[in-house]
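*Asks:* Below are the structure tokens for one structure; questions will follow.
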């Protein structure tokens, strides 16, 4: 029989009606809903109201669900919640240093100060000194080191062996004086062609240019118009290794 064709009963179902319901008699969803709501509406409030002279303790959802095991003493008071970290220029600076620059570049005082209202770059330098003093007093294995024009978080030198155990010992790559000369020419006068570098040095520089490209200190771009020329530029890795934010940080001589 289709339950949707039945008419609702003249009165709400009582508890006895459920117990004495014939086997072949089913209930529609509407009938069940009305019966359940009626039973709830006629029930007594098991909690009642607390006397006015007794304190009311409110529990959060997790605490309300927890029940002590048999024989376990109830907890008299919940543990105090940890205090929130105070947001100050110093804590913001420390957080920025821990996160670091997306390109792993040092964070300059100017950049950090620009993200804080009413803080000058000089104050950032003073905060770095305070952080390092606290780290040393607490015996922390890290410190804020100065790299070029900026700062970054780093392990102290005495913990360098621990870093090497994780990542392997870093091999220092040395550049010859000739390679440094070529790199400096391109850095100050880019874009440069191989012929222009040869002319300034007074000797062939093709091999040195290729070496610097392999080490990702220089990159090449080719013009689209004919004759197609190959120009050399410095890379982001060049800036990183020399601790600079941009080429504007290159030292300038009076000439």
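All of the numbers you see were taken from the coordinates with simple rules; none came from a lab. Treat the numbers as computed from the prediction; the structure is a model and nothing was measured. With ideal geometry, Cβ positions are generated from the backbone for all residues, glycine too; neighbour counts draw on all protein chains shown.
*Asks:* Over all directions, how big on average is the projection of the convex hull of the alpha-carbon atoms in segment 177-249, in square nanometres?
*Replies:* Values: hull surface 20.3 nm².
Orientation-averaged projected area of the Cα hull: 5.1 nm².
*Asks:* Please rank 116, 96, fewest neighbouring Cβ atoms within 10 Å first, as an exposure proxy.
*Replies:* On the way: 116 15, 96 18.
Ordered from fewest to most neighbouring Cβ atoms within 10 Å, 116, 96 come out as 116, 96.
*Asks:* Sticking with this one: Just grab the label-to-label distance for residue 249 and residue 92, each label 7 Å out from Cα along the Cβ direction, in nm (one decimal).
*Replies:* 2.2
*Asks:* What residues of segment 211-237 lie in the reach of a label at residue 203, counting those whose backbone N is under 18 Å from a point 7 Å from the Cα along Cα→Cβ?
*Replies:* It comes to 211-212, nothing else.
*Asks:* Hey, another quick one. Most exposed first by the Cβ proxy, i.e. fewest other Cβ within 10 Å, how do 225, 234, 88, 193 rank? Intermediate values should be presented prior to the final figure.
*Replies:* Values: 225 6, 234 22, 88 11, 193 14.
Exposure proxy ranking, most exposed first: 225, 88, 193, 234.
*Asks:* Turning to a different aspect of this structure: Can you classify segment 122-255 as rounded, prolate or oblate using the Cα gyration tensor, where a ≥ b ≥ c are the square roots of its eigenvalues, rounded means a/c under 1.5, and otherwise it's prolate if a/b beats b/c and oblate if not? Could the numbers behind the result be given before it?
*Replies:* Numbers: a/c = 2.99, a/b = 2.05, b/c = 1.46.
Judged from the Cα gyration tensor, segment 122-255 comes out prolate (a/c at least 1.5, a/b above b/c).
*Asks:* A further question follows. Once you keep just the Cα pairs under 8 angstrom separated by 6 or more residues, what percentage relative contact order results for segment 89-167? Present the calculation step by step, with values, prior to reporting the outcome.
*Replies:* Values: 75 pairs, mean separation 23.2, N = 79.
Value for segment 89-167: 29 percent.
*Asks:* Please arrange 232, 166, 159 by counting, for each residue, the other beta carbons lying within 10 Å of its beta carbon, fewest first. Don't jump to the answer; show the numbers that get you there.
*Replies:* On the way: 232 25, 166 6, 159 12.
In order of increasing Cβ crowding within 10 Å: 166, 159, 232.
*Asks:* Another question, then. Compute the FRET efficiency between residue 237 and residue 120 as 1/(1 + (r/R0)^6), taking r as their Cβ-Cβ distance and R0 = 41 Å, and round to the nearest 0.05. Show your work: numbers first, answer last.
*Replies:* Working: r = 31 Å, r/R0 = 0.76.
Approximately 0.85, to the nearest 0.05.
*Asks:* Next question, about the same structure. What is segment 117-255's relative contact order, in percent, from Cα pairs under 8 angstrom and six or more apart in sequence?
*Replies:* On the way: 124 pairs, mean separation 24.7, N = 139.
Relative contact order here is 18 percent.
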